[in-house]
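Please read the structure below before turning to the comments.
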Amino acid sequence: MTLMQKAITPSLAHAHLTQGHDRIAGYVVRAEDVAFATTPAQLFEVHGLGYPGSPFSPYDRYIDILRFESSPQLQYRDVPGYIVPLWWLRHSRIPPGAELIRVHDDGTSTLLARYGDVGTGWTVTQLGAPRPALASLSRCVGPVAKWHGAYLEADVVDGGHTVVLALANPPLAETGFHQSPSGRWYRRVAREDVTELFELDLTARWNGLSVRVVDQWQDAQRYVVARISHLGDDIERAERLHLDRVEAGVYEAIVYAAELTDIETNQVVPHTWAPGPAAQQRDWAHS
């Protein structure tokens, strides 16, 4: 696997460390391509952090970065003038084993937290730091496994040999689940025990803008609402539609599912997962 690296805004770093936020999106680079960047000023340059409205500065005392194994949702971007190869990462769950690292202006670095997997979530490495809260699960983002006839949120670990199954609540009948310190229930099973393994890539258009649906739920009036994330191809339209800008190129909003058009439900099945039978298609936006 290729190790990737992404600069993390202060607000997202706070969300990871306190709220258990387990999503990322935006521009990333290969860690080996920027190994020479060991100060905030150098990271500011190689990650292109001088965009309009950026919360970063080359004079920051520190910049936080996330290092993680490559994701199926990565797309190479040919950006003229960029000093290193660049990839775009769709709104995705953080890959297992990712590390949140703080790089200081004296050239030293500190490991702030490690993301285990969907079952265990974040572990903060600082002594005395409170454990992050528990992020909500979503079948719209991250691997999904079919096990014993049920679909569960999952992660693939141990080089593809093991699948971690996750539940938000205690299982009613199945045994073998354990509660992690974060409060989530999880179980590790062999890959061959999972009959289907895939990631949903639910895309649509909202007011002509290409988006990925990353969450959905019912509001107080029982209308289905969805969180959408811009796919990064039409920045001007995203700006005109007043989506919330999370960082450079990353725009998100909460909309009514009924406003979505051209909905497509695709399945991402990396070859390293040794996929089982094809998963059933589902219309998550209008279920």
Checklist outcome for this item: Residues of the range 59-118 being among the polar types (S, T, N, Q) and surrounded by 19 or more Cβ atoms within 10 Å (Cβ to Cβ), in sequence order, are Ser71, Gln73, Ser92
Checklist entry - Which members of the range 1-23 meet the condition of being closer than 22 Å to Glu153 by Cβ and assigned to a loop (DSSP other than H, G, I, E, B)? => result Met1, Gly20, His21, Asp22
Checklist outcome for this item: Conditions (1) under 16 Å from Tyr115 (Cβ atoms); (2) open to solvent by less than 30 Å² (accessible area, probe 1.4 Å) -> Pro181 fails only (2)
Checklist outcome for this item: In the range 1-22, anything at pLDDT 95 or above, open to solvent by 10 Å² or more (accessible area, probe 1.4 Å) and of a type in the set (Ser, Thr, Tyr) is listed as Ser11
Checklist outcome for this item: Over the range 136-162, the set of residues in contact with a strand residue (DSSP E or B) (Cβ under 8 Å, 6 or more places away or on another chain) and either open to solvent by 50 Å² or more (accessible area, probe 1.4 Å) or part of a loop (DSSP other than H, G, I, E, B) (or both) is Ser136, Leu137, Ser138, Arg139, Cys140, Val141, Gly142, His161
Checklist outcome for this item: How many residues of the range 211-245 are assigned to a helix (DSSP H, G or I), out of contact with any Phe, Trp or Tyr (no Cβ under 6 Å at 6 or more places or on another chain) and either exposed (fewer than 12 other Cβ atoms within 10 Å of the Cβ) or not β-branched (Val, Ile, Thr) (or both)? The answer is 4
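If only one of Ala129, Ala190, Ala150 is in contact with a His (Cβ under 9 Å, 6 or more places away or on another chain) and among the aliphatic types (A, V, I, L, M), which one is it?
Details: Ala129 fails: in contact with a His (Cβ under 9 Å, 6 or more places away or on another chain); Ala150 fails: in contact with a His (Cβ under 9 Å, 6 or more places away or on another chain).
From the options Ala129, Ala190, Ala150, the qualifying one is Ala190.
Within the range 89-96, does at least one residue satisfy the condition of being touching a Pro at 6+ places or on another chain (Cβ under 7 Å), at negative phi and not in a strand (DSSP E or B)?
Of the range 89-96, the ones touching a Pro at 6+ places or on another chain (Cβ under 7 Å) are none.
No, there is no match, as no residue in the range 89-96 is touching a Pro at 6+ places or on another chain (Cβ under 7 Å), at negative phi and not in a strand (DSSP E or B).
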Checklist entry - Under the condition of being open to solvent by 70 Å² or more (accessible area, probe 1.4 Å) and not polar (S, T, N, Q), which residue from the range 163-173 is nearest to Asp215 (Cα to Cα)? => result Pro170
Checklist entry - Scanning the range 246-264 for residues that are hydrophobic (A, V, I, L, M, F, W, C) and open to solvent by 70 Å² or more (accessible area, probe 1.4 Å), which turns out farthest from the chain's Cα centre (by Cα)? => result Ala258
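The values are calculated or read from the model by the stated rules, or taken from the named source; none is laboratory data. Because the structure is a prediction, the values reported are computed rather than measured. Note: ideal-geometry Cβ built from the backbone for every residue, glycine included; neighbour counts use all protein chains shown. The accessibility values were calculated without ligands, DNA or RNA, using every heavy atom of the protein model including side chains. Shrake-Rupley method; radii C 1.70, N 1.55, O 1.52, S 1.80 Å.
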